[in-house]
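Note sheet for the following structure.
The values are calculated or read from the model by the stated rules, or taken from the named source; none is laboratory data. A quick note: this is a predicted structure, and the numbers were derived from the prediction, not measured. Methodologically, a virtual Cβ is constructed for each residue, glycine included, from the backbone with ideal geometry; neighbour enumeration extends over all protein chains shown. Ligands, DNA and RNA are stripped out before the accessible areas are found, and what is left, the full protein with its side chains, is counted by its heavy atoms. Shrake-Rupley method; radii C 1.70, N 1.55, O 1.52, S 1.80 Å.
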Amino acid sequence: MEKVTTHTGPAAPLRRSNVDTDQIIPAVYLKRVTKTGFEDGLFAEWRDDPAFVLNQDAHQGATILIAGTEFGTGSSREHAVWALKDYGFKAVIAPRFGDIFRGNSLKNGLLTVELPAEAVEALWDAVEADPGLAVTVDLVEREVRAGERSWPFEFDDFARWRLMEGLDDVALTLRDEARIAAFESNRDAWRPRTLPSAA
Amino acid sequence: MRSDGEQPDLLYIDLHLLHEVTSPQAFDGLRQAGRKVRRTDLTLATEDHNTPTDNLFTIADPTSRKQIETLRANCEEFGVRIHSLGDAEQGVVHVVGPQLGLTQPGMTVVCGDSHTSTHGAFGSIAFGIGTSEVEHVLATQTLPQSKPKTMAVTVDGSLPEGVSAKDLILKIISITGTGGGKGHIVEYRGQAIEELSMEGRMTVCNMSIEWGAKAGLIAPDEKTFEYVKGRAHAPAGEEWDAALEYWRSLKTDEDAEFDREIVIDAAELSPFVTWGTNPGQGVELSGAVPDPASFDDPIERTTAENALTYMGLEAGTPMREVDVDVVFLGSCTNGRIEDLRAAAEVIKGRKVADGVNMMVVPGSARVREQAVAEGLDKVFTEAGADWRFAGCSMCLGMNPDQLTPGQRAASTSNRNFEGRQGKGGRTHLVSPAVAAATAVAGRLAGPADL
C-alpha cells in the first residue's frame with residue numbers, strides 16, 4: 001500500500017448526516033469484480049441533481065470530503081471506499097463514521113478523520129465562503145488545518161503507523177505464523193468444518 | 001490468540017462465509033501475492049445477492065452473471081466449498097450457516113457482509129468485514145481486532161401477544177439511533193430474549209449493525225443446543241458431550257459490569273414500523289408520521305425533513321393510512337421458516353389487495369422446501385402472492401427484484417435507506433405478520449386490523 005502521511009487540497013462540503021453506504025454507492029453498482037471503476041456509482045442517486053455539491057463548479061477537483069455525522073453506516077461494501085478514491089478523494093472528515101466503513105477506508109489509504117460537529121460546521125462555512133481554500137489533513141501531527149485555524153484529531157497509534165509505513169496487513173500478520181500454527185494444533189476436535197478434512 | 005498490548009489482538013476465525021459480491025477482489029489479492037486459502041475447511045461460499053428468484057437457471061444480467069461465475073471459478077481454483085444457484089443448500093449466507101449447523105456457540109464468525117451479526121444468536125462473536133479483511137482471513141484465518149466496549153440490552157418481561165422479535169429490534173434502534181451502538185458488542189438478555197425462538201433471536205442479532213454495534217449476541221441455552229443438535233455439521237457422540245460442556249460455560253457472570261446498559265420493558269411494546277430513511281426512524285404502527293419540528297436536535301430535525309420529502313409523507317399522517325404498492329417477505333432478517341409461518345397464518349384464507357404485489361422469497365432453498373412441505377406455498381399463492389426461489393432479492397435490489405421510482409413497499413428486510421430496494425423506491429420496515437396484514441389491507445396494518 002502507498003504510504004499516507006499528510007494531504008492538502010480543496011474540500012467539498014456535504015451537509016448531510018446519515019450518509020449510508022447505499023447512498024455512497026447503490027447495490028446495482030457493486031457488480032464489478034475489480035477494485036477500480038466505481039466512480040460512476042458514487043452518490044449515484046444525487047449525481048443528476050445540479051444542486052448536489054459535487055455538481056457545483058466551485059467544488060470540482062475537491063480531494064477532501066467534509067460530511068455530517070454517521071457517514072458510511074450500513075453495508076460492509078468496500079466498494080464505497082473504492083468509489084470515493086476513484087473519484088479523487090484522499091480524505092473524509094466527519095463527526096462520526098460507521099465502523100466497517102472506517103476500517104475499510106484505512107485498509108485503502110483513504111484518510112478518515114473524526115472532528116467534533118462544531119469543527120465540521122466551521123469547515124463547511126469556511127469552504128463554502130472560499131471553495132479554493134486549502135485544507136490539510138495531517139496524519140503525522142494528527143491535525144486538520146484550514147486558513148488560520150486548526151483542529152486536533154485522535155487516531156489510533158497502530159493504524160497510524162501502518163498507514164505511514166504503507167504496510168500490508170496480511171504480511172504483518174504472517175510474522176505470527178508460528179503462533180497461528182500452534183493455536184490451530186490446539187483447537188478442539190469437535191469444532192465444525194465445512195469439508196471432511198483440512199486441505 | 002495474540003494479545004500483547006502493542007498491536008491489536010489477533011482473533012482466530014472459526015468460520016468464514018463468502019458470497020459473490022465482496023469476495024472477487026479478495027481472491028485477486030491472494031493470486032497477486034501467490035497466497036492460498038489457509039483453511040478451506042473453515043470456509044464456505046454461497047450465491048445469494050445477485051441470484052434471480054424467478055428461476056434457478058438463468059442469470060439475465062451479464063454483470064450479475066459475471067460476478068457469480070467469478071465466485072464459482074475462484075472456489076474451484078482455491079478449493080472452497082460452494083452452494084450454487086439450484087443447489088439444495090443454496091440461500092442467503094446468514095440463513096445457510098445456521099441451518100447446516102456450522103454456526104455454533106462460542107465461535108468467531110466473519111463474512112464480507114454487515115448482517116453477519118445474525119450468527120450472534122448462538123452465542124458466537126460474529127461480525128461483518130470488508131473485502132480487504134476477507135482477503136486477510138482467507139490468507140491467515142485470523143483478523144487483527146481492537147477490543148470493543150460492551151453493552152447490555154435487557155428486555156424485562158414477556159413480549160405481548162402479536163409483538164415479534166422484529167418489532168422489538170426496530171424499537172431498540174429507534175431509541176439508540178443508527179450510531180448508538182458504535183464500538184460495542186451488545187449482549188441481548190432478559191426474559192423476553194430468553195423466550196424468543198432461535199429464529200427470533202437471529203432477527204434481533206441480525207439488525208445489531210443497524211444501530212452501529214460491532215456485534216450482537218445472546219447467551220446460548222437449551223434452546224440453542226436443541227437447534228444445533230442433529231444438524232449436518234453439529235458434533236455427535238462424545239464430541240457432542242465435549243462441545244456441550246464448553247457451550248454451557250458460555251454465560252455472562254452474574255456480577256459482570258458493562259460499559260453501557262439499556263433496559264426495556266417488554267410489556268410496553270407493540271408492532272413497530274419505520275417512517276423514514278434509516279432504521280432508527282421508527283414509530284408504533286398505532287402512531288403517526290412525526291413532525292420534524294418535534295425533534296430538539298437540529299441534525300435529527302434536518303434528517304427527518306429530508307426523509308419525509310424522500311418518502312412522500314406528511315407529518316401527522318397515521319401510519320395505518322399509508323398505502324403500499326409492494327410487500328416483500330424475506331431476507332436474512334425475516335426469511336426463515338418461522339417468519340413464513342407467521343405471515344402465512346395471517347394471510348391464510350385472505351387475498352392480497354388489488355394493486356398490491358406481494359413477493360415471498362424464502363431465505364434458503366431448504367426453507368423453501370420446508371415451507372412447501374407444510375403447504376405454506378399454497379397459502380401464499382392462493383392469496384395471490386408471488387412465491388419465489390431463495391436469495392437476497394429485493395432486500396438490496398441487486399438482482400431484478402427492485403422497486404420502481406416512487407413505489408412504496410412494506411418490507412421485512414433490514415434497511416430503509418434511500419434507493420436501497422431500487423432507485424427512488426420507498427421502504428417501510430415491518431415484521432412478517434405486519435407485512436402479511438399490510439398485503440391484505442393495501443395499507444400498513446397489523447393482523448388485528450383485518
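Given the protein chains as shown and a 1.4 Å probe, how many square angstrom of A:Met1 are accessible, to the nearest 10?
Surface open to solvent at A:Met1 totals about 90 Å².
Can you give me the relative contact order of chain B as a percent, contacts being Cα pairs under 8 Å and 6 or more apart?
Here the relative contact order equals 16 percent.
If each residue of separation counts as 0.36 nm, what is the full-extension length gain between A:Phe183 and A:Ala129 once their alpha-carbon separation is subtracted?
13.7 nm
What net charge do the residues around B:Val155 carry, taking every other residue with its C-beta under 11 Å from that of B:Val155, with Lys and Arg at +1 and Asp and Glu at -1?
The answer is -3.
Using the basic label-point model (7 angstrom from Cα toward the beta carbon), what is the B:Asp386 to B:Asp54 distance in nanometres?
It is 0.7 nm.
For the protein assembly as shown, what proportion of DSSP beta bridges, expressed in % and rounded to the nearest 5, is antiparallel?
Percentage antiparallel, nearest 5: 30.
Can you give the longest stretch of chain A with no exposed loop site, where a site means trypsin sites (Lys or Arg not before Pro) in a DSSP loop (not H, G, I, E or B) with at most 16 other C-beta atoms within 10 Å? Could the numbers behind the result be given before it?
Working: sites that count: A:Lys3, A:Arg15, A:Arg47, A:Arg142, A:Arg175, A:Arg187.
For trypsin sites (Lys or Arg not before Pro) (loop position, at most 16 other Cβ atoms within 10 Å), the longest site-free span of chain A is A:48-141.
With heavy atoms of protein chains only and a 1.4 Å probe, what residues of region A:116-161 have at least 40 Å² less accessible area in the full set of chains than alone?
Those residues are A:Phe158.
For B:Val134, B:Val283, write out the residues from largest to smallest accessible area, computed with a 1.4 angstrom probe and no ligands counted.
B:Val283, B:Val134
Can you give me the distance in nm between label points at B:Glu257 and B:Asp156, each placed 7 Å from the Cα along the Cα-to-Cβ direction?
Placing both labels 7 Å beyond Cα along the Cβ direction yields 2.2 nm.
Loop only by DSSP, 12 or fewer other Cβ within 10 Å of the Cβ. Give me the GluC sites (Glu not before Pro) in region A:96-199 that pass, ordered by residue number.
A:Glu148, A:Glu154
Roughly speaking, what is the centre-to-centre gap between region B:314-339 and region B:19-36 when only Cα atoms are used, to the nearest Å?
Spelled out, the Cα-based centre of one part sits 37 Å from the other.
Net charge within 11 Å of B:Glu382 by Cβ-Cβ distance, Lys/Arg positive one each and Asp/Glu negative one each, not counting B:Glu382 itself?
Charge balance in the 11 Å sphere: +3.
Over chain B, with a single point scatterer placed on each C-alpha, what log10 of the ratio I(q)/I(0) does the Debye formula yield at q = 0.10, 0.13 1/Å?
Evaluating at q = 0.10, 0.13 Å⁻¹ gives log10 I(q)/I(0) of -0.69, -1.20.
Considering only DSSP states other than H, G, I, E and B, which chymotrypsin sites (Phe, Trp or Tyr not before Pro) in region B:1-89 qualify as loop sites with at most 13 other Cβ atoms within 10 Å?
Within region B:1-89, the qualifying chymotrypsin sites (Phe, Trp or Tyr not before Pro) (loop, at most 13 other Cβ atoms within 10 Å) are B:Phe57.
Just A:Val120, A:Val137, A:Val33 to compare: in a GNM of chain A, with alpha carbon springs under 10 Å, which one fluctuates most?
So, out of A:Val120, A:Val137, A:Val33, the one fluctuating most is A:Val33.
Taking a probe of 1.4 Å, how large is the accessible area per residue of the protein assembly as shown, in Å²?
Using a 1.4 Å probe on heavy atoms only, each residue of the protein assembly as shown averages 36 Å².
Using a 1.4 Å probe and counting only protein heavy atoms, arrange A:Asp169, A:Asp49, B:Asp54 so the residue with the most accessible area comes first. Provide the component values of the computation, followed by the final result.
On the way: A:Asp169 20, A:Asp49 70, B:Asp54 100 Å².
In descending accessible area the options line up as B:Asp54, A:Asp49, A:Asp169.
In region B:273-359, which chymotrypsin sites (Phe, Trp or Tyr not before Pro) fall in coil by DSSP and have 15 or fewer other Cβ atoms within 10 Å?
Hits after loop and neighbour filter: B:Phe295.
Rounded to two decimals, what ratio of Rg to Rh does the protein assembly as shown give with C-alpha atoms and a Kirkwood Rh?
Working: Rg = 23.6 Å, Rh = 24.9 Å.
Checking Rg against Rh, the ratio lands at 0.95.
Quick check: at a probe of 1.4 Å, how many percent of the accessible area of chain A sits on carbon and sulfur atoms?
Carbon and sulfur together cover 48 percent of it.
In whole percent, how big is the carbon plus sulfur part of the accessible area of chain B, probe 1.4 Å, protein atoms only?
About 47 percent, which is the carbon plus sulfur part of the accessible surface.
For the interface of B with A, what's the total buried accessible surface in square angstrom, probe 1.4 angstrom, rounded to the nearest hundred?
5800
Arrange the residues B:Ser158, B:Ser117 by how much accessible surface each exposes, largest first, with a 1.4 angstrom probe.
Result, largest first: B:Ser158, B:Ser117.
If one puts a single equal scatterer on every Cα of region A:136-187 and applies the Debye formula without solvent, what log₁₀ I(q)/I(0) results at q = 0.24, 0.27 Å⁻¹?
Computed log10 I(q)/I(0) values: -0.90, -0.98.
Keeping all protein chains in position, work out how much accessible area B:Cys332 exposes to a 1.4 Å probe, and write it in Å² to the nearest 10.
Roughly 10 Å² of B:Cys332 is accessible to a 1.4 Å probe.
Take the alpha-carbon positions of region B:272-449, form their convex hull, and give its projected area averaged over all directions (one quarter of the hull surface) in nm².
9.2
Could you please report the charge total around B:Ile169, scoring K, R as +1 and D, E as -1 over all other residues with beta-carbon less than 12 angstrom from its beta-carbon? Before the final figure, lay out the partial values.
On the way: positive: B:Lys166, B:Lys171, B:Arg201; negative: B:Asp167, B:Glu210.
Neighbour charge sum, excluding B:Ile169 itself: +1.
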